[in-house]
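See structure below.
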Amino acid sequence: MNFATKLVNLILLGAGLLLLVGCGGQSGSGAKVKQEKFGEMPDGRQVNLYTLESSTGMIAKITDLGGSVTTLYVPDAGGHLADVVLGFNSVEDYYTSNMGAIVGRYANRIGGARFTLDGTEYTLARNNGENSIHGGNKGFDDVLWDATPVESEDGPSLQLNYLSKDGEEGYPGNLSVKVVYTLTKENALRIEYTATTDKPTVLNLTNHSYFNLSGEGKGSILDQEIMMNANQFLAVSQDLVPTGQILDVKGTPMDFTTLKPIGADIDAPYRQLQYGEGYDHCWVLNKPVGEMGLAAKVVDPNSGRVMEVYTTEPGVQFYTGNHLDGSLVGKSGAAYVKRSGFCLEVEHYPDSPNHPNFPSTVLRPGDEYTQTTLYKFSTQ
C-alpha cells in the first residue's frame, strides 16, 4: 500500500486539533502520531504536543517548544509501561527548564563565554557564572520549532526545524537545523540531527532528557547501575569547564567500564566529584568520532528495564541531577529532589572551541553537521 492510499483523518477535539498520520512501512500496525494543543507562548503562539506510538507499544510525547521529550513510556520486565523521563504537565514549566529539550547552539559549557574562530573573537551570554552554557540566555530549548509528522520506514517520526539567525546569542552564521525523532520497531527512540550554515560557526547539539528507569517521580536513581564505554574523562575546573586535560578513569570513582550502581562512589572524597557535587563530567568514548557505537548502558534492578545509548558523537556528559532541589514538581505530582534523575547527553566535548586538542566543533558553509543518537530499551 503506497502512502497516497493510506488513511489520514482530521478529528476536531475539544482541546484542539488531533492529527493521525499513517507511517510508511507501518500500515495496519497502529503506529501513529497525534497532535494536540499544549499551551501558548508568552507572545500568543500556539505550542503543540505530539504523541508518537510505536507498533511495539512504546509511547513518546514531544512538544515543539524546545523539541522537548515530555514523556517516554517503556515496559518493565513484566510488560508494565512506565514513563521514564522527568517532565511537566504544563507548558509554562518548560519556559524555565531544559528538561527533555534540544540544547544548542552549543550544548554544555564554553569557558569565559567567548571563543575565537578564524581570527575573530565572539562573545556569548554569561549564564553560568562567567561561562556560557547550553546556547545562552535563549537557547534552542526556549524556541518554538516548526514540527511536522513525517513518513518513516522504521516507525512514527516527528521532524523539527529551526533557523537560528546570524548573531543569535552571539554565534555567527544563519544556521538551519533539522531534528527527527523516531520510535523504532526495536524499542528505541532515535534522534537524528542535521544542520548547515552560511558562515563558519561552532555547533554542538544534544538532548537534555532526565531519566529514571524505575519511573518518573519514583525516587532516587542511585541504585540504578551504569556502564560507560569510556576509559577516560575530561578533567574540569571548579566551575566545571574542561581544563584541557584528559584523565584515565582507572583507579578513580569515575570508572564505569563495568556496571556499577550510580551511587557507589558518588560521594567519594575525590576533587572532581566535589566540584560537581556528584557526576557532571564528559567521558571520552572508546570509538572513532562519527562512528556509531555504544556510549552507555543503564540497568534498573527493580524494574528490570535496560537502556543502551548509541551515538556517533565522541563524548557523553553524565549528570546525576545534583542540583535538583525539590522546587520543580513533575507530571505525577512528585517533587524532583536531588539525584531523582540522570542525564546522558551525547555530544562533542564541552569548551571545544577553546581547546585545539579536542575534536573540532567548527561547521563551515558547504559542509553538513550530522549526528545520530539512539536510546534503546529492553528488559532483563
May I ask you to list the residues in segment 112-157 that are out of contact with any strand residue (DSSP E or B) (no Cβ under 9 Å at 6 or more places or on another chain), closer than 21 Å to D239 by Cβ and either without any contact (Cβ under 8 Å) to a residue 40 or more places away in the chain or surrounded by 21 or more Cβ atoms within 10 Å (Cβ to Cβ) (or both)? N137
Among the listed residues N89, N108, which satisfies the condition of being in contact with a strand residue (DSSP E or B) (Cβ under 7 Å, 6 or more places away or on another chain), polar (S, T, N, Q) and over 19 Å from G304 (Cα atoms)? N108
Long-range neighbours under 7 Å by Cβ, at least six apart or interchain, first residue under 13 Å from S220 (Cα atoms) within segment 309-335, second of a type in the set (D, E, K, R) and assigned to a strand (DSSP E or B): N322/D280
For segment 86-108, how many residues are farther than 24 Å from H348 by Cβ and touching a residue at least 24 places away in the same chain (Cβ under 8 Å)? 10
Residues of segment 206-251 that turn out to be in a loop (DSSP other than H, G, I, E, B), closer than 21 Å to G112 by Cβ and touching a strand residue (DSSP E or B) at 6+ places or on another chain (Cβ under 8 Å), as a count: 4
Of the criteria (1) part of a loop (DSSP other than H, G, I, E, B); (2) closer than 22 Å to E53 by Cα; (3) touching a Gly at 6+ places or on another chain (Cβ under 6 Å), which one T182 fails: (1)
Would you pick out the residues in segment 82-97 that are surrounded by 23 or more Cβ atoms within 10 Å (Cβ to Cβ) and either outside any helix (DSSP H, G or I) or touching a helix residue (DSSP H, G or I) at 6+ places or on another chain (Cβ under 7 Å) (or both)? V84, V85, L86, G87
Given the criterion touching a Phe, Trp or Tyr at 6+ places or on another chain (Cβ under 7 Å) and under 23 Å from G136 (Cα atoms), identify the matching residue among G119, G100, G112, G104. G104
Going through segment 262-280 one residue at a time, which ones are surrounded by fewer than 16 Cβ atoms within 10 Å (Cβ to Cβ) and either touching a residue at least 40 places away in the same chain (Cβ under 8 Å) or closer than 18 Å to Y210 by Cβ (or both)? E277
With respect to Q317, is the statement that it is over 30 Å from H80 (Cα atoms) and in contact with a strand residue (DSSP E or B) (Cβ under 8 Å, 6 or more places away or on another chain) true? no
State whether one or more residues within segment 299-311 are modelled with pLDDT of 95 or more, of a type in the set (K, R) and under 25 Å from P75 (Cβ atoms). yes
For A188: the one exception among (1) over 17 Å from the mean Cα position of the chain (by Cα); (2) at pLDDT 95 or above: (1)
Residue that is nearest to the chain's Cα centre (by Cα), among those in segment 106-140 that are of a type in the set (D, E) and either part of a loop (DSSP other than H, G, I, E, B) or within 25 Å of Y193 (Cα to Cα) (or both): E130
Do you know which of the residues in segment 16-40 that are at pLDDT 95 or above and of a type outside the set (G, A, S) is nearest to A147 (Cα to Cα)? Q35
Whether any residue in segment 41-52 is in a loop (DSSP other than H, G, I, E, B), surrounded by fewer than 22 Cβ atoms within 10 Å (Cβ to Cβ) and modelled with pLDDT under 50 is what I want to check. no
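The values are calculated or read from the model by the stated rules, or taken from the named source; none is laboratory data. All of these numbers come straight from a predicted model, not from anything done at the bench. Positions of Cβ are backbone-derived with ideal geometry, glycine not excepted, and every protein chain shown enters the neighbour counts.
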